[in-house]
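Throughout, read-outs are computed from the coordinates displayed, never taken from laboratory work. A quick note: this is a predicted structure, and the numbers were derived from the prediction, not measured. Virtual Cβ from ideal backbone geometry, glycine too; neighbours counted across all protein chains shown.
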Amino acid sequence: MVLPVSRVGVAACGQTVLSPSWRSAQHIELIYDAVRLTLVGTPFTIADVDFVIDCGSDVLDGRSISNCGFLGAMGAHHKEESRVEDDGLFGVFYAWQKILSGHSDVGLVIAYSKPSESDVDMFWATQTEPFFQRPVGLDNVVASALQAQQYLERTGTSHEAFASVAAHDWANAASNPRVDVERAPTEAEIAASAETAPPLTEATISRYVDGAAATLLVSERIARKLRLDPVWILGMGSAMDEHMLGAREPGVLAGCVNAGDSAFRIAQRDRAEVDLVEVSAPSAAGELMALEALGLAADGEGASLFADSGVVVNPSGGALPADPLVATGLIRFDEAALQLFGTAGGVQVDDPRVALVHGSSGVGMQNTCVALLGVD
């Protein structure tokens, strides 16, 4: 009889530097480095891993079943391996449930992306409705701009808030040793950047980067046996919004609301307990919408969280300065775990106890996954 596991912990995590272009490394090398950095310094070897879950995109990689070429670098040879063709945080969700079921004790989650070698427009085009949305050029930038305008009209927020959010994230990213940033633009420079899709400017839209990340998850039984002090997954939730952009509530991320509610309900925690949040969004407007949908701020007041609110937002810099697409949510998860371990470097939050992690995918942030992490 297989007994369920009470808790799942993060034993270790690792990631490559996130760079606009990793010309000196292929996918397989980035993946290998992320796995190596995760295992080094732990009591685990790849032989101890029961299963591997990898998150990537055949469209971005340019070939079908692309993960088959990377299994060796993942350490998945002769192991149970599953592909999640979605954001890396959904891979964590899958691994969390597998270990909770009692059938496995140690899982490795990997996410990677090299948009510098891809046609990102085609990547987004494959996710739009093919008869009405795709022919008119709807992609994630256009969808983000439409949602941003709806958000401004619904809440009365000033579009200057977008530049303030972006400046905050870029400043934090410049201090993050895992993000390739030569110089953080000022708020004035962000506001004056070229208008890409009104009301969004070039600098208020996420910058695509190459990179890979990995996370090692263990059951509480293994953690106690090896006397580890992991970061615990307190709860998770996921939800999907309407596929058609026009069918969604204007300027609101309904799926994000539901995913957040599920995570807090399972964790049996209150939002007031959250010390830091790592939120991933394709635009500064999306970041504010997500923070409000997660219940961390009232409608139209998400920008107040970037002041001295008691909750630290994106100490890593978030997705605006560094968006590796399919790996973005796992990066947020790893960055939050490093904060709770106290080893983040850069902007380190003072003695955090509970972190909220947000991941999204799909055009206009259609899909959402949320995790709550904590330490004993």
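Round to the nearest 10 and give me the degree value, 0 to 90, for the angle of helix 328-341's Cα axis relative to the longest principal axis of the chain. On a 0 to 90 degree scale, this one is about 60. Couplings 3J(HN,Hα) for region 238-243, derived from phi with the Karplus relation 6.51 cos²θ - 1.76 cosθ + 1.60 (θ = phi - 60°), are 9, 7, 10, 8, 4, 6 Hz, where x marks Gly and Pro. The antiparallel fraction among DSSP beta bridges confined to region 231-374 stands at about 75%. Packing around the peptides 219-230, 348-359, taken as the average count of other Cβ atoms within 10 Å per residue, puts them in this order, highest first: 348-359, 219-230. Once the Cβ-Cβ distance of V40 and A254 is raised to the sixth power relative to R0 = 30 Å, the FRET efficiency obtained is 0.10.
Compute the signed sum of charges (Lys and Arg +1, Asp and Glu -1) over the other residues within less than 11 Å, Cβ to Cβ, of V109.
Numbers: positive: K98; negative: D54, D334.
Net local charge, V109 excluded: -1.
By the gyration tensor of its Cα atoms, with a ≥ b ≥ c the square roots of the eigenvalues, what is the shape of region 272-376: rounded for a/c under 1.5, prolate for a/b over b/c, or oblate? Verdict is oblate for region 272-376. Mean residue ellipticity at 222 nm, helices only, the chain: -9500 deg cm²/dmol; runs of at least 4 DSSP H residues each add -39,500 (n - 2.57), and the sum is divided by the number of residues.
Over region 267-313, the hull volume per residue, using the convex hull of the C-alpha atoms, is 75 Å³. Remark: region 203-359 projects, on average over all directions, an area of 10.1 nm² (convex hull of Cα atoms).
When each of the peptides 103-109, 365-371, 298-304 is scored by the mean number of other C-beta atoms lying within 10 Å of its residues, the order from highest to lowest reads 365-371, 103-109, 298-304.
Please sort 168-180, 58-70, 310-322 by packing, taking for each peptide the average over its residues of neighbouring beta carbons within 10 angstrom, highest first.
Details: 168-180: 21.2, 58-70: 15.5, 310-322: 25.4.
So the peptides 168-180, 58-70, 310-322, ranked by packing, come out 310-322, 168-180, 58-70.
Between T196 and E242, the modelled label-to-label distance comes to 2.6 nm, taking each label 7 Å out from Cα in the direction of the beta carbon. Regarding the chain, what is the average projected area of its C-alpha convex hull, in nm²? Across all orientations, the chain yields a mean hull projection of 17.7 nm².
Charged side chains reduced to their Cβ positions (Lys and Arg at +1, Asp and Glu at -1) give the chain a dipole of some 1060 debye around its Cα centre. Between S6 and T186, the C-beta separation translates, for a Förster distance of 51 Å, into a calculated FRET efficiency of about 0.60.
Extension gain, L226 to S116: 0.36 nm times the residue separation minus the Cα-Cα distance gives 35.5 nm. A cut-off under 13 angstrom between Cβ atoms defines the neighbours of E189, and their net charge, with Lys, Arg +1 and Asp, Glu -1, is -1.
Quick check: net charge around A344, other residues with Cβ under 13 Å of its Cβ, Lys/Arg +1 and Asp/Glu -1? Write out the running numbers ahead of the final one.
Values: positive: R178, R332; negative: D275, E278, D334, E335, D350, D351.
Overall, the nearby charge balance is -4.
Treating the angle as unsigned and between 0 and 90°, give the value, to the nearest 10°, between the Cα long axis of helix 27-39 and the longest Cα principal axis of the chain. So the inclination is approximately 60 degrees.
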